[in-house]
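The values are calculated or read from the model by the stated rules, or taken from the named source; none is laboratory data. All values derive from a computational prediction rather than experimental measurement. Cβ sites come from the backbone with ideal geometry, for glycine too, and all protein chains shown count toward neighbours.
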Amino acid sequence: MGRFLTRDTWGGNANVPMSFNRWNYVGGNPVNLTDPSGQFPPIWCQAMPNKATYEGCVDLWYGIEPINPFQLGENVLGDRGCYVGPIHYRAPGYVEGTGLTVALPWIVNWMFAVESVYDFATMEHNYFVNGAFNTLGVPGVGESDFIWGLNLTEYVGTVKGFASNSDIKNDYGGAFIMGYIGISGPPGPDQMGPSVGIGRTAFISPTNPMIRGSSLYVSAGFGVDILPVMDLGFGIISTIPPRNEPNIYKYRGLNLFLDILTGKHNVWISDFGPRSLRNATNGSRMIAALKSLRYLAAWEEIPHVDQ
């Protein structure tokens with residue numbers, strides 16, 4: 001309705017007298033502006049000597065990254081003590097996935113995966129399917145010490161570099177270069193047989209290096225592994241959103257918190273397994289859900305173009 005239900009919790013800015021009216025919602029301009037939390041970036045940042053250091057101060061307070069460190073302050077308006085205007089930034093996200101690797105003898109690994117991805121810069125969620133050449137149904141390719149057989153993997157990780165002025169499909173969709181290292185066992189005769197493993201994966205977008213991340217994985221498989229105990233591999237994949245529109249939470253960030261915590265957008269096979277196994281997977285969701293609340297504060301309190 002374009003009004004506060006209680007007085008604004010922000011005390012105002014001495015350089016903007018109208019801001020001392022704590023019932024005056026967004027300076028009397030609710031058609032073009034919104035203020036979900038009633039908060040404002042830390043007032044001491046207004047004391048910074050220029051627009052670049054003001055934006056850097058805000059970024060440090062919320063634990064976010066600038067869109068471009070060489071363009072700090074370009075969108076900030078006003079002067080010292082009265083900086084206004086949008087600040088675009090980068091924030092992390094959360095990913096969990098289930099993947100399958102098909103290893104063909106001495107040739108190549110074919111990699112499939114389904115991922116559930118949350119973007120804490122725009123408060124969005126979407127599903128992604130790992131493929132190749134931005135084509136659904138075409139698996140990613142890689143090489144590893146796993147040269148024959150099948151390997152099922154579940155993983156959880158952090159994606160860094162999501163932009164507040166770009167949606168999740170544009171940021172996360174596209175090509176990635178990935179690599180992994182881990183341990184597995186028990187080795188069978190000639191390193192052939194069933195095995196379980198654990199390790200870490202790192203990935204980066206070659207077209208947008210700001211989008212990068214890492215994940216922890218657990219795996220189970222059957223086949224031939226030429227390196228006893230050690231697991232090594234790399235690959236090239238494309239992440240493709242099978243849905244046209246993501247789930248957009250924006251000012252309903254508590255819903256995003258609950259969806260992560262309860263695994264609403266689950267893609268883990270273990271969630272359908274024994275209760276003890278399901279409980280073991282909930283720790284990562286708890287951490288990610290709490291982290292989403294931290295970045296929800298940035299989303300609600302930092303001025304955006306669409307606010």
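For segment 151-168, the criterion of a residue being on the phi > 0 side of the Ramachandran plot and either polar (S, T, N, Q) or free of Cβ contacts under 8 Å to residues at least 60 places away in the same chain (or both) is satisfied by no position. If the condition is being buried (at least 17 other Cβ atoms within 10 Å of the Cβ) and in contact with a strand residue (DSSP E or B) (Cβ under 7 Å, 6 or more places away or on another chain), then segment 56-78 contributes ASP59, ILE64, GLU65, PRO66, ILE67, LEU72. When we screen GLY179, GLY193 for residues that are in a strand (DSSP E or B), modelled with pLDDT of 90 or more and not basic (Lys, Arg), the only hit is GLY179.
Can you tell me which residue among PRO228, PRO246 is at pLDDT below 90, surrounded by fewer than 17 Cβ atoms within 10 Å (Cβ to Cβ), on the phi < 0 side of the Ramachandran plot and in contact with a helix residue (DSSP H, G or I) (Cβ under 6 Å, 6 or more places away or on another chain)? Show your work before the answer.
Values: PRO246 fails: surrounded by fewer than 17 Cβ atoms within 10 Å (Cβ to Cβ).
Within the list PRO228, PRO246, the selection yields PRO228.
Does TYR83 fit the bill of being of a type in the set (Phe, Trp, Tyr) and under 19 Å from the mean Cα position of the chain (by Cα)? Judged against the criteria, TYR83 is not a match.
From the list THR98, THR122, the one residue that fits, being under 19 Å from ARG243 (Cα atoms), outside any strand (DSSP E or B) and either among the polar types (S, T, N, Q) or at pLDDT 90 or above (or both), is THR122.
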